[in-house]
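Novice: Structure below; questions to follow.
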Amino acid sequence: MQYGYFDDEAKEYVVTRPDTPSSWSNYLGSTEYGAVITNNAGGYGFYKSGAQGRFMRLRFNSVPMDQPGRYFYLRDMQSGDYWSASWQPVGKPLDSYKSECRHGTAYTKITSEYSGIESETKYYVPLGQTFEYWRLKLTNKSSSPRKIRAFTYCEFTNQWNTTQDQVNLQYSIFIVKGQKTSPNMIQVISHENLYEQHKKNPAVTDYMSEWMALAGSPVTGFDTSRQSFIGTYGSYKEPAAVVEGCCYNSEAFGDNACGTLQTDIELAPGESKEILVMLGIGAAEEEGKKALAEFGTIERADLEFDKLVKNWHEKLGSFKAVTPDEDINHTVNVWGLYNCLITFAWSRAASLVYNGERDGLGYRDSVQDILGVSAAIPEQAEERLVRLLSGQFSNGGALPVIGKDFVPGKQKMIDAGEFRSDDCQWFFNAVPCFVAETGKLDFYNRIVPYADQGEATVYGHLKQALLFNLERMGADGLPCGLLADWNDCLKLGYHGESLFVAFQLRLGLTTYADISERLNKSEEAAWALSEREKLDANIQKKCWDGKWFVWAIAEDGTVYGTHSIDEGQIYFNTQVWSVLSGAATPEQQKLCLESVKEKLATPYGLMLCAPPFVHADREIMSSVVFLPGIKENAGIFNHTQGWGVIAEIMNGNGDRAYEYCKAALPAAYNDRAEVRQSEPYVIGQTTYSTYSKRPGNTRVSWLSGAATWNYYSITQYMLGIRPQYDGLLVDPCIKHDWDSFSVERRWRNMNISIEVKNPSRVCRGIESLEVDGKKLDSVLVPVDLLHDGSRIIAVMGKNALPVRNQRM
Ligand code: NOJ
């Protein structure tokens, strides 16, 4: 079933049927003032923090999953009929109610037509502001004059702490107050104990107050009491004021507050009128009045919209591609990167699934997020990378979550058992990616403090990361699993050994050796390579299982992920990372990848392990709590799919890489959206596998490590445009029947166009390559040959030029 289509020209996804299988969401605003909005205008808003700064309420995990939201109710004052400008919450029958939602880059537009009235709403937050616009344009499409009354609605929280707001009613319903402060503005204030609030979240230092204003039409009524507007036995579908036709001019005094302004719009046949609603943080008399005076006209709102769109489209312009595959095009040109940027901004904090409690930067995920955004927002990536490096302790391990109040150098050392074994190894992916992107080799010499004490160069931080794991080896000479490796559910015991981290460490040692050579530190390079040799020997001695690599070794010596056991017999990560790290021999690589294909591939993606756990000891394999075929228990963990794609590409298997990529690609499900159920334009954390009763269903949209690896594996490996320290590598690995593709890449402030032709229909191999007419004898285009506007033409073929890859 298809519910919409991609409009890449406008960089929008257009929902044409509002009864989507789940609420399909988008993000507005910035990390200062953020919002989630769905295709039916449901959602919520928050200031600085999804959990601690929640000012607009959403009932999580409810039915539908996105109510309330940002609503306009429309009432025909002649007939008494009413509806909403988004299909829900009134939900008129779809044979008489037409609707289209355009989710764009930090804005959402919903157009509807019912009873001869067309409505167009547009929601966005102007750049750098702490208020949002809700625009409403009505057009009379009928042949008679119409009198329409419009009512706004949103529900405010009583406490900025979202959990407290929902549960601590003995306190919270006695602190909220609403009033009309001027002819066109209302205000809601919570008299929360602000001192307590500040102590809990230093990020939210302002007092709690919201205002809502209307411009372009007089206010003819208002409500700030939810109970008045909705009615004791009313609902969002049938709010009392709308049913009866008039607001009550209620001033909330305790209980719950809402934002309702009423206005009357008369329309001659064919006539259109537009009004502007503004909703923001602060006091109505101060911030509200100021914002209204400066921004409260349609002209200004238009200007702000244009600025917003330009800003986002510029970021998305860092990589553009035209390939024979439309799904890849939608992903690369708009949604893949937009997903990465939103994930980078919000980490794992706020969505329809994350209620905000996961505030701050989860360490491993945030380091990986850098890979997806370095080309689009290099300055912000650098700032984030430095913050993450400063979250590393002087012993080389990382603080698991960097909170908003984290101050480098002042962090108390955590208990040994709290460290995750993989956290700092991700630097060996993220840092070289950032340096190769920007050309800032000197970044390795930048001094960054440690979390607890002391400081080191970035290069020094990398060395500490290696030492952290090298100094924590188990009985077989493999890195200890500590509290967890990448897999949150793996509890091997502190001294249990993680083969996944062993592969990470191997990649780290290789990468460190390469950086050391570049920095003229040959002794360090030699040290890293000799450590790698020892590690390789230990890996080979203990971990090869005949057709694949084992998973891990628990503290008591039990080996997981081996052919002789029934549950979790094979683990995906160790197969693909044996390839990514270069640890596996060519023969082992082939066997591992065949085993993945045979035992883990499904039409919806690659399972994390198989068969699922049913009887396992939950103290070790805590994934056994998940139903078989989901999440870490033999589900398709989308975070890992890109690794499968890259591993196949490293073996030159473009066809299989493409097959894996498409199996998990949201856009590829657009015409059968009921399979995934979630948005076809964004990734989800996990997909039910064929071991479950609902294969293909995808959950936890938007915020996931899947965003980065999906985008990164396509742009840097499949299309193969991979920045290196001293040049741009052109090394695609594609489906063999692609005849050509082209890319426009922004790299180090140069716009470079790359055209790749594939007359021999191969998966991999560039036979000839020229830059601005000059032929090269390698596929690494040296940086000094490039300038803004450079044009690279590459022809694929069987007699491939050598590839000198300098980083993963
Ligand atoms: C989700 C977590 O955010 C991520 O850090 C972890 O690697 C995966 N789960 C796998 O357990």
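Novice: For region 386-395, how many residues meet the condition of being away from the ligand (no atom under 16 Å from the Cβ) and touching a Ser or Thr at 6+ places or on another chain (Cβ under 9 Å)?
Specialist: Keep residues of region 386-395 that are away from the ligand (no atom under 16 Å from the Cβ), which gives 386-387, 389-390, 392-395.
Still in the running and touching a Ser or Thr at 6+ places or on another chain (Cβ under 9 Å): 387.
Here the count works out to 1.
Novice: Count, please, the residues in region 352-385 that happen to be of a type in the set (D, E, K, R), assigned to a loop (DSSP other than H, G, I, E, B) and either over 25 Å from Asp66 (Cβ atoms) or more than 15 Å from the ligand (Cβ to nearest atom) (or both). Quick ask: steps written out before the conclusion?
Specialist: Going residue by residue through region 352-385, those that are of a type in the set (D, E, K, R) are 357-359, 364-365, 369, 379, 382-384.
From the residues that got through so far, the ones that are assigned to a loop (DSSP other than H, G, I, E, B) too are 357-359.
If we keep only those that are either over 25 Å from Asp66 (Cβ atoms) or more than 15 Å from the ligand (Cβ to nearest atom) (or both) as well, we get none.
Of the residues in that region, 0 qualify.
Novice: Let me ask you something else. Quick one: which residue in Ala349, Ala398, Ala345 is within 13 Å of the ligand (Cβ to nearest atom), out of contact with any helix residue (DSSP H, G or I) (no Cβ under 6 Å at 6 or more places or on another chain) and within 24 Å of Asn638 (Cβ to Cβ)? Spell out the reasoning first.
Specialist: On the way: Ala398 fails: out of contact with any helix residue (DSSP H, G or I) (no Cβ under 6 Å at 6 or more places or on another chain); Ala345 fails: within 13 Å of the ligand (Cβ to nearest atom).
Unique residue meeting the criteria: Ala349.
Novice: Does at least one position in region 586-598 carry a residue that is out of contact with any Pro (no Cβ under 6 Å at 6 or more places or on another chain), within 30 Å of Leu337 (Cβ to Cβ), of a type outside the set (Phe, Trp, Tyr) and free of Cβ contacts under 8 Å to residues at least 40 places away in the same chain?
Specialist: No.
Novice: Taking region 549-588 only, how many residues are assigned to a loop (DSSP other than H, G, I, E, B) and within 14 Å of Leu608 (Cα to Cα)?
Specialist: Here is the first cut: in region 549-588, the residues assigned to a loop (DSSP other than H, G, I, E, B) are 550-551, 554-558, 561-569, 581-585.
If we keep only those that are within 14 Å of Leu608 (Cα to Cα) as well, we get 550-551, 561, 567-569.
Selection size over region 549-588: 6.
Novice: Further question: Kindly indicate whether any position in region 487-499 is assigned to a helix (DSSP H, G or I) and either closer than 24 Å to Ser595 by Cβ or at pLDDT 95 or above (or both). Quick ask: steps written out before the conclusion?
Specialist: Our first condition is that a residue be assigned to a helix (DSSP H, G or I); within region 487-499, this holds for 499.
From what's left, either closer than 24 Å to Ser595 by Cβ or at pLDDT 95 or above (or both): 499.
There is at least one residue in region 487-499 that is assigned to a helix (DSSP H, G or I) and either closer than 24 Å to Ser595 by Cβ or at pLDDT 95 or above (or both).
Novice: Find the residue count for region 678-709, including only residues that are away from the ligand (no atom under 16 Å from the Cβ) and part of a helix (DSSP H, G or I).
Specialist: 0
Novice: Here's another thing I want to ask about it. Report yes if some residue within region 711-733 is outside any loop (DSSP other than H, G, I, E, B), closer than 24 Å to Asn487 by Cα, within 16 Å of the ligand (Cβ to nearest atom) and not aromatic (Phe, Trp, Tyr); otherwise report no.
Specialist: no
Novice: Considering only residues of region 401-424 that are of a type in the set (D, E, K, R) and in a loop (DSSP other than H, G, I, E, B), which is farthest from the ligand (Cβ to nearest atom)? Even if it seems obvious, please write down each step before you answer.
Specialist: First, pick out the residues of region 401-424 that are of a type in the set (D, E, K, R): 404-405, 410, 412, 415, 418, 420, 422-423.
Next cut, in a loop (DSSP other than H, G, I, E, B) only: 404-405, 410, 412, 415, 422.
On the way: Lys404: 18, Asp405: 21, Lys410: 25, Lys412: 23, Asp415: 20, Asp422: 8 Å.
So, considering only residues that are of a type in the set (D, E, K, R) and in a loop (DSSP other than H, G, I, E, B), the one farthest from the ligand (Cβ to nearest atom) is Lys410.
Novice: What number goes with the only condition from (1) out of contact with any helix residue (DSSP H, G or I) (no Cβ under 8 Å at 6 or more places or on another chain); (2) buried (at least 24 other Cβ atoms within 10 Å of the Cβ); (3) not hydrophobic (A, V, I, L, M, F, W, C) that Gly4 does not pass?
Specialist: Checking Gly4 against (1) out of contact with any helix residue (DSSP H, G or I) (no Cβ under 8 Å at 6 or more places or on another chain); (2) buried (at least 24 other Cβ atoms within 10 Å of the Cβ); (3) not hydrophobic (A, V, I, L, M, F, W, C), the one that fails is (1).
Yes/no per residue for (1) at pLDDT 95 or above; (2) outside the structural domain of Asp66 (by TED's automatic domain parsing); (3) over 32 Å from the mean Cα position of the chain (by Cα); (4) farther than 14 Å from Thr105 by Cβ:
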{"site": "Ile275", "(1), (2), (3), (4)": "yes, no, yes, yes"}
{"site": "Lys290", "(1), (2), (3), (4)": "yes, no, yes, yes"}
{"site": "Glu294", "(1), (2), (3), (4)": "yes, no, yes, yes"}
{"site": "Leu303", "(1), (2), (3), (4)": "yes, no, no, yes"}
{"site": "Leu308", "(1), (2), (3), (4)": "yes, no, no, no"}
{"site": "Trp335", "(1), (2), (3), (4)": "yes, yes, no, no"}
{"site": "Asn339", "(1), (2), (3), (4)": "yes, yes, no, no"}
{"site": "Leu352", "(1), (2), (3), (4)": "yes, yes, no, yes"}
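Novice: If I ask for residues that are surrounded by fewer than 16 Cβ atoms within 10 Å (Cβ to Cβ) and farther than 11 Å from Lys320 by Cα, which ones from region 741-754 would you list?
Specialist: Asn749, Met750
Novice: May I pose another question? I need the full set of residues from region 38-78 which are among the charged types (D, E, K, R) and either touching a Ser or Thr at 6+ places or on another chain (Cβ under 6 Å) or outside any loop (DSSP other than H, G, I, E, B) (or both), in order please. Write out each step before concluding.
Specialist: Residues of region 38-78 among the charged types (D, E, K, R): 48, 54, 57, 59, 66, 70, 75-76.
Within region 38-78, Arg54, Arg57, Asp66, Arg75, Asp76 meet the criteria.
Novice: Moving on. Determine whether Ala616 is of a type in the set (Gly, Ala, Ser), in contact with a helix residue (DSSP H, G or I) (Cβ under 8 Å, 6 or more places away or on another chain), away from the ligand (no atom under 16 Å from the Cβ) and not assigned by TED's automatic domain parsing to the domain that holds Asp739. Walk me through how you get there before you give the answer.
Specialist: Numbers: of a type in the set (Gly, Ala, Ser): yes; in contact with a helix residue (DSSP H, G or I) (Cβ under 8 Å, 6 or more places away or on another chain): yes; away from the ligand (no atom under 16 Å from the Cβ): no; not assigned by TED's automatic domain parsing to the domain that holds Asp739: yes.
For Ala616, the condition - of a type in the set (Gly, Ala, Ser), in contact with a helix residue (DSSP H, G or I) (Cβ under 8 Å, 6 or more places away or on another chain), away from the ligand (no atom under 16 Å from the Cβ) and not assigned by TED's automatic domain parsing to the domain that holds Asp739 - is not met.
Novice: Any chance region 111-119 includes a residue that's crowded, with 21+ Cβ neighbours inside 10 Å, of a type in the set (Asp, Glu) and within 30 Å of Ala293 (Cα to Cα)?
Specialist: Within region 111-119, not a single residue is crowded, with 21+ Cβ neighbours inside 10 Å, of a type in the set (Asp, Glu) and within 30 Å of Ala293 (Cα to Cα).
Novice: I would also like to ask the following. Taking the conditions exactly as written (over 26 Å from Asn520 (Cα atoms), acidic (Asp, Glu) and not in a loop (DSSP other than H, G, I, E, B)), does Glu437 satisfy them or not?
Specialist: Numbers: over 26 Å from Asn520 (Cα atoms): no; acidic (Asp, Glu): yes; not in a loop (DSSP other than H, G, I, E, B): yes.
For Glu437, the condition - over 26 Å from Asn520 (Cα atoms), acidic (Asp, Glu) and not in a loop (DSSP other than H, G, I, E, B) - is not met.
Novice: Here is a further query. Only one of these conditions is not met by Thr511: (1) polar (S, T, N, Q); (2) assigned to a loop (DSSP other than H, G, I, E, B); (3) away from the ligand (no atom under 16 Å from the Cβ); (4) in contact (Cβ under 8 Å) with a residue 60 or more places away in the chain. Which number is it?
Specialist: Single failed check for Thr511: (2).
Novice: With the requirement that a residue be buried (at least 20 other Cβ atoms within 10 Å of the Cβ) and either touching a His at 6+ places or on another chain (Cβ under 9 Å) or not in a helix (DSSP H, G or I) (or both), what does region 165-183 give you? It would help to see each step written out before you state the result.
Specialist: So the first thing to find is which residues in region 165-183 are buried (at least 20 other Cβ atoms within 10 Å of the Cβ), and the list is 165, 172, 176, 178.
Answer for region 165-183, where residues must be buried (at least 20 other Cβ atoms within 10 Å of the Cβ) and either touching a His at 6+ places or on another chain (Cβ under 9 Å) or not in a helix (DSSP H, G or I) (or both): Val176, Gly178.
Novice: Being touching a residue at least 40 places away in the same chain (Cβ under 8 Å), crowded, with 24+ Cβ neighbours inside 10 Å and more than 16 Å from the ligand (Cβ to nearest atom) is true for just one of Val675, Val645. Which residue is that?
Specialist: Answer to the selection: Val645.
Quick grid of which residues meet (1) surrounded by fewer than 24 Cβ atoms within 10 Å (Cβ to Cβ); (2) of a type outside the set (A, V, I, L, M, F, W, C):
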position	(1), (2)
Asp8	yes, yes
Val15	no, no
Leu28	yes, no
Val36	no, no
Asn40	no, yes
Gly43	no, yes
Tyr47	no, yes
Gly50	no, yes
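Novice: Name the single residue that is nearest to Glu382 (Cα to Cα) among those in region 429-460 being polar (S, T, N, Q) and buried (at least 18 other Cβ atoms within 10 Å of the Cβ). Don't jump to the end; show me each part of the working.
Specialist: The first filter runs over region 429-460 and keeps only residues polar (S, T, N, Q), leaving 429, 438, 445, 453, 457.
Those still in the list that are buried (at least 18 other Cβ atoms within 10 Å of the Cβ) too: 429, 438.
Details: Asn429: 14, Thr438: 10 Å.
Per the criteria, the residue is Thr438.
Novice: Can I ask one more? Considering each residue of region 133-164, count those that are surrounded by fewer than 22 Cβ atoms within 10 Å (Cβ to Cβ), assigned to a helix (DSSP H, G or I) and touching a residue at least 24 places away in the same chain (Cβ under 8 Å), and give that number.
Specialist: 1
Novice: Another question about this same structure. Could you check region 534-570 and list, in sequence order, the residues that are surrounded by fewer than 18 Cβ atoms within 10 Å (Cβ to Cβ) and of a type in the set (Val, Ile, Thr)?
Specialist: Passing the criteria: Thr558, Ile565.
Novice: A further question follows. Any idea which of Leu466, Leu492, Leu478, Leu470 is within 16 Å of the ligand (Cβ to nearest atom), over 27 Å from the mean Cα position of the chain (by Cα) and over 30 Å from Arg745 (Cα atoms)? Outline the logic, then answer.
Specialist: On the way: Leu466 fails: within 16 Å of the ligand (Cβ to nearest atom); Leu478 fails: within 16 Å of the ligand (Cβ to nearest atom); Leu470 fails: within 16 Å of the ligand (Cβ to nearest atom).
Exactly one of Leu466, Leu492, Leu478, Leu470 is within 16 Å of the ligand (Cβ to nearest atom), over 27 Å from the mean Cα position of the chain (by Cα) and over 30 Å from Arg745 (Cα atoms), namely Leu492.
Novice: Within region 611-620, work out how many residues are surrounded by fewer than 22 Cβ atoms within 10 Å (Cβ to Cβ) and either within 26 Å of the chain's Cα centre (by Cα) or of a type outside the set (Val, Ile, Thr) (or both).
Specialist: Result for region 611-620: 6.
Novice: Starting from residues that are within 17 Å of Trp551 (Cα to Cα) and surrounded by fewer than 22 Cβ atoms within 10 Å (Cβ to Cβ), keep the ones in region 621-630 and report whichever is farthest from the ligand (Cβ to nearest atom). Quick ask: steps written out before the conclusion?
Specialist: First pass over region 621-630, keeping only residues within 17 Å of Trp551 (Cα to Cα): 621-624.
Imposing the further condition that a residue be surrounded by fewer than 22 Cβ atoms within 10 Å (Cβ to Cβ) reduces the set to 622, 624.
Values: Ser622: 10, Val624: 14 Å.
Here the answer is Val624.
The values are calculated or read from the model by the stated rules, or taken from the named source; none is laboratory data. If you're wondering where the values come from, they're calculated on a predicted model, not measured in any experiment. Cβ sites come from the backbone with ideal geometry, for glycine too, and all protein chains shown count toward neighbours.
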